[in-house]
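A.B. asks: Dumping the structure here so I can ask a few things about it.
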Amino acid sequence: MTTEDGGSPHDRDHGSDTFRHSYTKDKAQLLRRLARIEGQVRGISRMIEREEYCVDILQQTSALRAAVDSLAVLVLEDHVQGCVRTAAEHGDADRYVEEVVDVVRRTLGRPTRSAARSA
């Protein structure tokens, strides 16, 4: 989602020079999870190179999807508990809530509200 000035609502500083994205507190954990995800992708690549059984590859892609989903949920939780809460405290929650709803809808393969309204 972009704001009227073409930026994203999270580009704003919420009236503070010390605003940090909420995932900062979980940054090390997020980076560890991403490293594991990278390893899973490399493992799937090796499986394809070795021409392993299709079902085994599909099982690994399922595990990869679960790992990515888990990462996304952690970032989403941090965003709602931090960024959205901070925006609400500064009277700017509506744009953040709309942004979260749109990203969740896209994640679930559903049209965003703005796309659904124009259809």
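The values are calculated or read from the model by the stated rules, or taken from the named source; none is laboratory data. Values in this document were obtained by computation on a predicted structure and should not be read as measured data. Note that each Cβ is placed from the backbone with ideal geometry, even for glycine, and that neighbours are counted across all protein chains shown.
A.B. asks: Could you please give the count of residues in segment 95-113 that are over 16 Å from Ala72 (Cβ atoms) and part of a helix (DSSP H, G or I)?
C.D. replies: Within segment 95-113, residues that are over 16 Å from Ala72 (Cβ atoms) and part of a helix (DSSP H, G or I) number 5.
A.B. asks: I would also like to ask the following. Taking Gly43 as meeting all but one of (1) of a type in the set (Gly, Ala, Ser); (2) modelled with pLDDT under 60; (3) surrounded by 10 or more Cβ atoms within 10 Å (Cβ to Cβ), write down the number of the exception.
C.D. replies: Only one criterion in (1) of a type in the set (Gly, Ala, Ser); (2) modelled with pLDDT under 60; (3) surrounded by 10 or more Cβ atoms within 10 Å (Cβ to Cβ) is unmet by Gly43, namely (2).
A.B. asks: Which residue is nearest to Val101 (Cα to Cα), if the candidates are limited to segment 46-67 and must be surrounded by 15 or more Cβ atoms within 10 Å (Cβ to Cβ) and within 18 Å of the chain's Cα centre (by Cα)?
C.D. replies: Ala67
A.B. asks: I would also like to ask the following. Evaluate the following for Ala67: is it touching a Phe, Trp or Tyr at 6+ places or on another chain (Cβ under 6 Å) and small (Gly, Ala, Ser)?
C.D. replies: When the stated conditions are applied, Ala67 does not pass them.
A.B. asks: Inspect segment 82-94 for any residue being assigned to a helix (DSSP H, G or I), farther than 18 Å from His21 by Cα and either within 12 Å of the chain's Cα centre (by Cα) or among the hydroxyl-bearing types (Ser, Thr, Tyr) (or both) and give the result as yes or no.
C.D. replies: No, the conditions are met nowhere in segment 82-94.
A.B. asks: Further, regarding this structure: In segment 33-51, how many are assigned to a helix (DSSP H, G or I) and free of Cβ contacts under 8 Å to residues at least 24 places away in the same chain?
C.D. replies: 12
A.B. asks: Collect the residues in segment 98-113 that are more than 20 Å from Ala66 (Cβ to Cβ), within 14 Å of the chain's Cα centre (by Cα) and β-branched (Val, Ile, Thr), keeping them in residue-number order.
C.D. replies: Val100, Val101
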